[in-house]
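Right, one structure below, let's go through it.
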Amino acid sequence: MTIATINPATGTTEHEFNPHSPDEVQARLGRASAAFAALASTGYDQRAEWMRASAAVLDAEADELAAMITTEMGKPIAASRGEVAKCAKAMRFYADTAERFLADQPLDEPGAVGATRAYTRWQPLGVVLAVMPWNYPLWQVIRFAAPALMAGNTGVLKHASNVPQSALYLDTLFERGGFPSGSFSTLLIGSREVAAVIEDPRIVAVTLTGSEPAGRSVAATAAAQIKRSVLELGGSDPFVVLPSADLDAAIATAVSARTANNGQSCIAGKRFIVHEDVYDRFAAGFAAAMAALRVGDPMDEATQVGPLATASGVAELAELVDDALGKGAVALTGGAPLDRPGWFYPPTVITGITAQMRLYREEAFGPVASLYKVDGIDAAIALANATDFGLSSAVWTNDPVEQERLARDLEAGAVFINGMTVSYPELPFGGIKNSGYGRELAADGIREFCNLKTVWVA
Ligand code: NAP
C-alpha cells in the first residue's frame, strides 16, 4: 500500500512518503532499545513532567493538528479538535495516576506463605510495537503510548498507510516534551514488514488496533515468538431500546452513536434492536434524524458527516448494503454512495435484515444502521449476542431489573446504560470474542505491558 495522504473529501493525493529503508528501521529499533534503558531508570515524577510537557505541545498546536487529521481521514473538523483535546487529557491522566496504578502491593498476611514480607511490583517490559488504524489517528496511538511511556516502556509505531502525517507528528511529539530520544518513534513501513519487526529480539510485545485479519496475523507471529499481544479489533455493537426508555433521548443518541467519526468507529452502535411496542416511533424518528444530518466538506464547521476515509471503504460498505437490498431488505433512508467527488456515503437505515444477508453478521464501517424489531428482552439479548464480535453495547431502559439483566447477559467488553459507548481514560476498554483481548486505558491498560513481579522475603 502506498504511504500517502489522500484527501477523502476530494480524492486528491496531497503528499506521498517513501517508506523507511531496512537500515533506518534497524536504527530506530536500536534507538528505542537504548531509550528503554534510559527511561526505565527514571522516576515517575520525571516521566510525568515530560508527559505533561508533551500534552502542552498538543494543546498549543491543536488547530493545525485538527486540520491535518481532517485532511488525512475526513472527520469533521470539530471532531478532530475534540480528538486532540482528548489525547492531551489522557496524557495528563496517566501523568497523574501511573505511580498509583503501578504501586507495590504488599501481601496482608505474609506468614501464610512462610515470609516475613511479600509484595508484588509492576515493572516495564521493554520496546513495544503498536500497529494502529487511521480512524482516530492520534487517539488510538496516544491511548497506548501515554501509559506505556509512563510505565517506563518505549514504543515504536507502525501507523496506517493513509495517515503518514499523523504518524510523523507522533514520531517527534514525546521527544519535544522532553522524553529521551527514541522513547517513541514511527516506522514508516508497510504491513508486510510488520512480522519481521515483531520477530526482532528488541521487541517484547505488540498491540494492534484494527481489523480481524490483521489481528490474526499479528497475534500468530507474536505467539510464535512467545511475545505478549493485545488486540483491539472490530465490533458490531448492539444498541437495544426497550419500552420504558426515554425515546427522544434514545433516538438522538442512536444518531450520534451511528454517525460519530463518519460512522467509522469500532464502538459505534451498528445494530439497533428495538422492542415492538416502541419500534414504529423509533424507526420513524431515527430515519428522519439520520436523513436530516448535514453531509459535506469536513473542514466546514457546519458539517456533521464527512466522507469515508478511503475509496475501498465506500466500495466495501456499498457491497454490504447492496447485498442486503438485493435479498429483500429496505432502506428507510440512504442506501447508495453519493454521486460527488470524494468518498461520501450518506447516513443510512436498513430494515428487514435476515441471517442470510452479510449485514447481519459483518461490521458496517460507515454510517449504515441495521434496524431490527424484537418482541421482548429475551429476543433482544439473543439477537444482540448473535455476532462473532463482543466489543461494547448500549441499552436503553429505565427498568432497574432489565438494566441488571442486560448488564449481566450481553456478551461484550462493556455495557452503557441509557447512553452510547464512549472511551474514557478512566475506564477499561476492550472486547471479547472476535473483538480481541486485553484492555487499554485505566489501570488495566498501563499494566498490560508490565511484568507483575512477585517478591518474597524469608
Ligand atoms: P486494518 O486494515 O487492520 O489496519 C490497521 C493497521 O494494521 C494498519 O496500520 C495496517 O497497515 C495494519 N495491517 C493491516 N494488515 C496487516 C497485517 N496482515 N499484518 C500487520 N499489520 C497489518 O484496519 P482498518 O480496516 O484500516 O481499520 C478498521 C478496523 O479497525 C475496523 O474493523 C474497526 O472496528 C477496527 N478498530 C478497532 C478498534 C478497537 O479499539 N477495538 C478501534 C478502531 C478501529 P496498512 O494501513 O499499511 O495496511
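Observations
- Just so you know, in segment 376-430 the residues that are within 16 Å of the ligand (Cβ to nearest atom) and among the acidic types (Asp, Glu) include one that is surrounded by the most Cβ atoms within 10 Å (Cβ to Cβ), and it is 411.
- Hits in segment 110-156 - residues which are of a type in the set (S, T, N, Q) and assigned to a strand (DSSP E or B): 120, 123, 154
- Within segment 260-270, not a single residue is assigned by TED's automatic domain parsing to the domain that holds residue 332, away from the ligand (no atom under 15 Å from the Cβ) and not polar (S, T, N, Q).
- Qualifying residue in segment 141-157 (condition: of a type in the set (Phe, Trp, Tyr) and within 16 Å of the ligand (Cβ to nearest atom)): yes
- Residue match in segment 328-339 (condition: within 26 Å of the chain's Cα centre (by Cα) and surrounded by fewer than 17 Cβ atoms within 10 Å (Cβ to Cβ)): no
- Residue check for residue 307: away from the ligand (no atom under 16 Å from the Cβ) and either part of a loop (DSSP other than H, G, I, E, B) or not basic (Lys, Arg) (or both): no
- Residue 245 being crowded, with 18+ Cβ neighbours inside 10 Å and over 21 Å from the mean Cα position of the chain (by Cα): yes
- Subset of segment 357-381 [over 21 Å from residue 309 (Cβ atoms), touching a residue at least 24 places away in the same chain (Cβ under 8 Å), of a type in the set (A, V, I, L, M) and not in a strand (DSSP E or B)]: 357, 377, 380, 381
- So residue 160, is it small (Gly, Ala, Ser) and touching a Phe, Trp or Tyr at 6+ places or on another chain (Cβ under 6 Å): yes
- Within segment 230-245, considering residues that are assigned to a strand (DSSP E or B) and within 23 Å of residue 449 (Cβ to Cβ), the one farthest from the ligand (Cβ to nearest atom): 230
- Extreme residue, nearest to the chain's Cα centre (by Cα), among residues of segment 248-276 that are among the charged types (D, E, K, R) and not in a helix (DSSP H, G or I): 270
- Taking segment 423-458 as the range and being under 18 Å from residue 271 (Cβ atoms), in a loop (DSSP other than H, G, I, E, B) and not small (Gly, Ala, Ser) as the test, only 434 passes.
- Residue check, residue 9 part of a helix (DSSP H, G or I), away from the ligand (no atom under 16 Å from the Cβ) and either within 30 Å of residue 152 (Cβ to Cβ) or at pLDDT 95 or above (or both): no
- Test: residue in segment 161-184 that is under 19 Å from the mean Cα position of the chain (by Cα), assigned to a helix (DSSP H, G or I) and over 23 Å from residue 58 (Cα atoms): no
Here is a yes/no grid of residues against (1) aromatic (Phe, Trp, Tyr); (2) farther than 24 Å from residue 422 by Cα; (3) in contact (Cβ under 8 Å) with a residue 12 or more places away in the chain; (4) out of contact with any strand residue (DSSP E or B) (no Cβ under 6 Å at 6 or more places or on another chain):
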{"position": "121", "(1), (2), (3), (4)": "no, yes, yes, no"}
{"position": "130", "(1), (2), (3), (4)": "no, no, yes, no"}
{"position": "139", "(1), (2), (3), (4)": "yes, no, yes, yes"}
{"position": "158", "(1), (2), (3), (4)": "no, yes, yes, no"}
{"position": "172", "(1), (2), (3), (4)": "no, yes, no, yes"}
{"position": "181", "(1), (2), (3), (4)": "no, yes, yes, yes"}
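The values are calculated or read from the model by the stated rules, or taken from the named source; none is laboratory data. Here the structure is a predicted model, which means the values were calculated and not measured. Ideal geometry is used to build each Cβ from the backbone, glycine not excepted, and the neighbour counts take in all protein chains shown.
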